[in-house]
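A short worksheet on the structure shown next.
The values are calculated or read from the model by the stated rules, or taken from the named source; none is laboratory data. The structure presented is a predicted model; accordingly, all values stated were derived computationally and were not measured. Positions of Cβ are generated from backbone atoms using ideal geometry, with glycine treated the same way; all protein chains shown enter the neighbour counts.
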Amino acid sequence: MSPKRVLIFSLSYFPLIGGAEIAIKELTDRISGIEFDLVTLRFNKSHPKFEKIGNVNTYRIGGGLGYLSKIFFIPQAALFARRKKYDLYWAMMTYMLFPVVLAHQAPYVLTLQDGDPLAHVFRRWFILPFRPLLSYGFRHAARIQAISNFLASWAKELGYIGPSYVIPNGVNVERFGNVQHRVLNKDNVTLITTSRLVTKNGIGDVIEAMKYLPQGVKFRIIGSGPLEKSLKLKSDSLQLQRRVEFLEEIPNSDVPKYLGEADIFIRPSLSEGQGISFIEAMAAGLPVVATPVGGIPDFLKDGETGVFCEPKNPQSIARAVMKLVNDDTLRERIKENALKMVREKYDWNLIAGEMKSKVFTI
């Protein structure tokens, strides 16, 4: 039986957008017969305390205390949940198990979307004292859904023995598939990434790799984050101001347009839960350069649906880029294979159907 009322716990939500937030929006827009509420942190006073976003009644609470707001959000969200009656809780990412377990008035499902390795997630200073609570949360979940096989292994490692499903994040195939591409010019190649500017995404390694690439290769960076200033300094120190462009944040609706203006998508991640940006690039017809870490091997097969490079290795990154630039047959085969795979496995309509029939049937 499908639940009638579901409360989603998510630390952030629109207009703050990442893979998890997009997944919630795309799935809830496609799942009928369920009323969805969502409780999230009010990061900015300009964000309303309540608004309906698609099919989700969005409640923003707390905020105003800087980093401490994230910690206080846990009991605040638990209290919010206890004031109303729900058939099911849905925890988006591991950290949201804390308020779910504290509320403890309904069965709950956990979606594993985490991008960091398990050791990093569990060894953060503010989590260590509460690790038993987190372990309890894993063991007592009604369902666990992971967006990659890499993340699915966490469930067993933490003692979960119930039903678990690997159901990836998807892509709006129609929106990204309508991109108009230019023909690759080997004397004027544009690399692109859509990434938060954090260590795990390896953007500094791509900037370093530009030293080993021809002058006609340029790199466009869409995204912001704590490393923005240091990455700009690195680009300046390597005298790459004319070849590396920081576009910062752009509306999600504009991403397909920018992908259409590029030739190769690149993100040499150090860790990755799945990486929806790779799937979006594939749907837009771009060949992808990535690293064989985390959930990436689920969808990227070297020489078939993309090209692998080594993590933390700028010279390896440069070699992977030039392999795609110089081998027209390989590049076109990869684009064709990747697009076919995305259409068959990563369409949000298919994924929403799986979520409703497997995860939201309690």
Exercise for review: Could you grab the pairs with beta carbons closer than 9 Å, sequence gap of 6+ or different chains, first residue in the range 66-87 and basic (Lys, Arg), second one part of a helix (DSSP H, G or I)?
Suggested key: Lys70/Tyr95; Arg82/Leu102; Arg82/Ala103
Practice item. Check the range 266-279 and report whether any residue there is surrounded by fewer than 20 Cβ atoms within 10 Å (Cβ to Cβ) and either out of contact with any Phe, Trp or Tyr (no Cβ under 7 Å at 6 or more places or on another chain) or assigned to a helix (DSSP H, G or I) (or both). Key: yes
Review point. Looking at the range 55-79, which of its residues are outside any strand (DSSP E or B), buried (at least 17 other Cβ atoms within 10 Å of the Cβ) and of a type in the set (Phe, Trp, Tyr)?
Key: Phe73
**Study point:** Tabulated pairs, the range 239-261, first in the same structural domain as Ser277 (by TED's automatic domain parsing) and part of a loop (DSSP other than H, G, I, E, B), second of a type in the set (S, T, N, Q) and surrounded by 11 or more Cβ atoms within 10 Å (Cβ to Cβ), C-beta under 9 angstrom, 6+ apart or interchain
**Key:** Gln241/Ser235; Arg243/Ser235; Glu249/Ser224; Ile250/Thr194; Glu261/Thr190
Review point. If we scan the range 179-191, do we find a residue that is at pLDDT 90 or above, in contact with a Phe, Trp or Tyr (Cβ under 6 Å, 6 or more places away or on another chain), within 23 Å of Gln241 (Cβ to Cβ) and crowded, with 18+ Cβ neighbours inside 10 Å?
Key: yes
Practice item. Only residues that are buried (at least 20 other Cβ atoms within 10 Å of the Cβ) and either in contact (Cβ under 8 Å) with a residue 60 or more places away in the chain or not in a strand (DSSP E or B) (or both): list them for the range 300-314, please. Key: Leu300, Thr305, Cys309, Pro314
Practice item. Kindly indicate whether any position in the range 331-345 is small (Gly, Ala, Ser), outside the structural domain of Lys218 (by TED's automatic domain parsing) and either in contact with a Ser or Thr (Cβ under 7 Å, 6 or more places away or on another chain) or buried (at least 16 other Cβ atoms within 10 Å of the Cβ) (or both). Key: no
Point to revise | So Leu79, is it closer than 25 Å to Glu157 by Cβ and in the same structural domain as Trp154 (by TED's automatic domain parsing) | key: no
Check your understanding: Could you say whether any residue in the range 43-54 is surrounded by fewer than 21 Cβ atoms within 10 Å (Cβ to Cβ), under 21 Å from Asn172 (Cα atoms) and not basic (Lys, Arg)?
Key -> yes
